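The values are calculated or read from the model by the stated rules, or taken from the named source; none is laboratory data. Since the model is a prediction, treat every value here as computed from it, not as a measurement. Every residue, glycine as well, gets a Cβ built from its backbone with ideal geometry; the counts of neighbours run over all protein chains shown.
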Amino acid sequence: MKILKSVVTVILLLYSLWASAQTGTLKGFVYDKATGEPCLFANVSVLGTNLGAATDLNGYFAINQIPEGQQQVVITYVGYDSVVLSINMVSGKLLSEKVYMTKSAFLLTETVISAEREERQTQVRTSIIKVTPAQIKRLPTIGSEPDLAQYLQVLPGVIFTGDQGGQLYIRGGAPIHNLVLLDGMTVYNPFHSIGLFSVFDSDIIQTTDVYTGGFPADYGGRISSVMDIRMRDGNKKTFAGKLSASTFGSKLLVEGPLKKFRENEGSASYIFSAKTSFLEQSSKLLYKYVSEYGLPFNYTDLYGKLSINSREGSKFNVFGFRFSDNVSYEEISDLHWLSYGLGSNMVIVPTGSPVMIKANLSYSDYRIELTDMNSLPRFSDINGFNMGFDFLYFLGKNEFVWGLQTLGFKTDFQYYNSMNRLLRENEYSTEFAVYTRYKHNFGNIIIEPSFRLHYYATMSEVSPEPRLGIKYNVTEIFRLKLATGLYSQNLIAANSDQDVVNLFYGFLTGSNNIPDTFNGDRVTSSLQKSWHAIFGFELDLSNRLNLNIEGYLKDFTQITNINRNKVYDDNVTNSDKPDYLKKDLIIESGKAYGVDFLLKYDSKQLYLWLVYSLGWVDRFDGIITYSPHFDRRHNVNFVGTYKFGKDLSWNFSARWNFGSGFPFTPTAGYYEQMPFFTNLNLPYWQSNGNLGIIYGDINSARLPDYHRFDINLQKTISFSERVKMEIVLSCTNVYNRENIFYFDRVDHERVNQLPIMPSIGMSLTF
């Protein structure tokens, strides 16, 4: 590894020496002049050349190989006045500039090419959707408060299984196969038990990158998808905040400077957010028709961040969070989980070098407990640290990145399966990874190969993972794209893909207690593995209308699941018993394939999304092939937002979702369970046993189709430039569709998802 690093360093050094002998380099930052916030994806170009760059999440850019002499550099950003810099480039020199942009008094809505479109033309970004707070607010709010969880449900390739449970299934992967990062820290459960809300405050999200597949080597340890969430810094100019309340819950947001932002000076700021639900209490008054006991969902989310920015552009952040969730069904079950963490990240821009260094260090803990009257108590705890370093080199329009990552965690797990067999694990795990990624622009073709070497130290396994992304700009409006790669992971879910309803979301690590063989082949690895292949195209039908179509294949070559059918202890006495009856875990394989369509229209007043996903998912457990419970064949989302009235202060939005039925295991019959094994002399003709269920073939039937219509009406009242009030009326499941959640086989009762639920909310921004 040291040799590889040395070779790469020498190559980059030689390249930079050659380039600098002929030309010079310009680097810098682009900020909003009023707030000090970085301008993301602003376009920086050198007039009279094809040289240029786009700013990153920190507002940073670097342009190499600029010819010597007087040059004009133009910076453009949607909604802001353009800035022109005059520089005198000297061969072999590196110039540093800070640019402060002012918001335009008017917008040329029809002539300005959006930053999003510019990014589509210059970045590979296959199977990725960038989510911003502005986009989240365009959806009809549930409970009158916009939330990331609600937005994710409309993305192509994303399957949402119900109002309760709160988990997403992305292109055939289970929730355990999704990597969720918060400012570089792993978040183990990002969604609350009522599946309408996430743990994140949408008002403080800077940006969210959702990779539904084919993600580059920067990310690892998961085999399906990535959700990378970055929180913004606090206000660097003045004290500000937001206070909101609705029939579902309330929220408080405060932010402000510790050292005020001034041009070409350092600054410091803070931001704090707290939100909580009182749905259990309010539902007893407003939504009695849902349940006589109320809706038993309670959560509280706290997040705080301190940001320090140097005058040179480097920055240091410290953040922490505490998320909690509680669900209590009267005399049935009680579930509680708590997640907390403390982390830091920094960005360093060395003087005299175009390289950017990123680093992060964090510690977190997640514990979930479930007490159920029908089963023995279970719990799961995972805690540990993660650390990483990224080194970014900007080579003209090209990029070279290499990085290091390490994480260590402990899992403590107790679980009883349906046979009341105990599964107990207390393990330590350590992982190391080194990766590299290179983006090269060949004019109309952009190629981005990357490679990750992931070492699972506790398991003594090394996973080499090559990956590749390609973008071909056939014309200015038509682009082809491709992505492929190998992926691996260690973490295992504490529930099975065969479970239909399971709020208990715990974690295990890779274990050697797996079958020795699978499908006739010897098992040589304990890792879960997959291979992705994605091909699609983008078409700009107009400046406002874009079509994106992607076909995909995910081959899950090895998946580890908890063994629900364990009957015997795995010991010498039971050596003659088959593995699937005595091992703690089982091995499966499977495939997910399909095609996703996204048609998007975006203008100042009108915003439309039409999403259609056609997909197939299967699993093979070594004996039979079955469809997991999230195998939805058709999924349609239509989203529309219209702004109207004076100053566009009124906002109406609607969402309609249709999904074909999920698979389920039908009931073939019933029988009386008599405890003969404890009492051989039992008078069965005089005694009553428990009801036993005879199950049909696993997931061989389909539930009815799902569809739901949500609307939202919002009025904004401006008291001043900073002080605004928003009044929101919303309604979930407008036409009161009875969508089935599950069927209670014992009581013969159908349990539906949430009925029509109107809500009202109010917020004050200051």
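Quick notes on this structure:
- When Y363 is tested against (1) out of contact with any Asp or Glu (no Cβ under 6 Å at 6 or more places or on another chain); (2) under 23 Å from D183 (Cβ atoms); (3) touching a residue at least 24 places away in the same chain (Cβ under 8 Å), exactly one condition is not met: (3).
- Just one residue in the set I711, I727, I717, I693 is among the aliphatic types (A, V, I, L, M), on the phi < 0 side of the Ramachandran plot, touching a Cys at 6+ places or on another chain (Cβ under 8 Å) and assigned to a strand (DSSP E or B); that residue is I711.
- Of all residues in the stretch 293-346, exactly one satisfies the criterion of being buried (at least 17 other Cβ atoms within 10 Å of the Cβ), assigned to a loop (DSSP other than H, G, I, E, B) and either of a type in the set (S, T, Y) or outside the structural domain of I194 (by TED's automatic domain parsing) (or both), namely S314.
- Of the residues making up the stretch 84-105, those that are free of Cβ contacts under 8 Å to residues at least 40 places away in the same chain and of a type in the set (A, V, I, L, M, F, W, C) are V84, L85, A105.
- Evaluation of I223 against the conditions (1) modelled with pLDDT under 95; (2) surrounded by 22 or more Cβ atoms within 10 Å (Cβ to Cβ) shows that the sole unmet condition is (1).
- Within this structure, P257 fails the test of being touching a Ser or Thr at 6+ places or on another chain (Cβ under 9 Å) and buried (at least 23 other Cβ atoms within 10 Å of the Cβ).
- If only residues of the stretch 47-64 that are among the polar types (S, T, N, Q) and surrounded by 18 or more Cβ atoms within 10 Å (Cβ to Cβ) are counted, the one that is modelled with the lowest pLDDT is N64.
- Residues in the stretch 185-198 that are in a loop (DSSP other than H, G, I, E, B) and more than 12 Å from the chain's Cα centre (by Cα): H192, S193, G195, L196, F197.
- Of the residues L610, L581, L614, the single one that is at pLDDT below 95 and aliphatic (A, V, I, L, M) is L581.
Yes/no per residue for (1) at pLDDT 90 or above; (2) surrounded by fewer than 23 Cβ atoms within 10 Å (Cβ to Cβ):
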position: E145; (1), (2): no, no
position: V154; (1), (2): yes, yes
position: T161; (1), (2): no, yes
position: G173; (1), (2): yes, no
position: I176; (1), (2): yes, no
position: L179; (1), (2): yes, yes
position: P190; (1), (2): yes, no
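- Here the condition is being closer than 23 Å to V523 by Cα, out of contact with any His (no Cβ under 9 Å at 6 or more places or on another chain), hydrophobic (A, V, I, L, M, F, W, C) and touching a residue at least 12 places away in the same chain (Cβ under 8 Å); of I559, I624, it holds for I624 alone.
- Any hit, the stretch 633-640, residues being modelled with pLDDT of 95 or more, touching a Ser or Thr at 6+ places or on another chain (Cβ under 8 Å) and farther than 17 Å from V154 by Cβ: yes
- Residue ID - farthest from the chain's Cα centre (by Cα), chosen from residues in the stretch 362-404 that are assigned to a strand (DSSP E or B) and of a type in the set (D, E, K, R): D372
- Hits in the stretch 597-654 (condition: of a type in the set (D, E, K, R), buried (at least 16 other Cβ atoms within 10 Å of the Cβ) and over 30 Å from F537 (Cβ atoms)): R619, D621, K643
- Residue match in the stretch 672-691 (condition: surrounded by 11 or more Cβ atoms within 10 Å (Cβ to Cβ) and either under 31 Å from the mean Cα position of the chain (by Cα) or at pLDDT 90 or above (or both)): no
- Residue in the stretch 279-286 that is surrounded by fewer than 19 Cβ atoms within 10 Å (Cβ to Cβ) and either part of a loop (DSSP other than H, G, I, E, B) or within 24 Å of the chain's Cα centre (by Cα) (or both) present: no
- Which listed residue is under 30 Å from T475 (Cα atoms) and either in a helix (DSSP H, G or I) or modelled with pLDDT of 90 or more (or both), from E118, E110: E118
- Hits in the stretch 739-757 - residues which are under 19 Å from L286 (Cα atoms) and either without any contact (Cβ under 8 Å) to a residue 60 or more places away in the chain or touching a Lys or Arg at 6+ places or on another chain (Cβ under 7 Å) (or both): N752, I756
- The set of residues in the stretch 709-723 being modelled with pLDDT of 95 or more and of a type in the set (K, R) consists of K715 alone.
- Residue ID - nearest to K98 (Cα to Cα), chosen from residues in the stretch 253-270 that are of a type in the set (A, V, I, L, M, F, W, C) and touching a Phe, Trp or Tyr at 6+ places or on another chain (Cβ under 8 Å): L258
- Selection count where residues are small (G, A, S) and under 20 Å from G485 (Cβ atoms), scope the stretch 536-582: 2
- The residues of the stretch 220-278 that are basic (K, R) and either outside the structural domain of H177 (by TED's automatic domain parsing) or in contact (Cβ under 8 Å) with a residue 60 or more places away in the chain (or both), listed by number, are R222, R230, R232, K236, K237, K242, K251, K275.
- Of all residues in the stretch 405-424, those that are surrounded by fewer than 19 Cβ atoms within 10 Å (Cβ to Cβ), assigned to a strand (DSSP E or B) and not hydrophobic (A, V, I, L, M, F, W, C) total 7.
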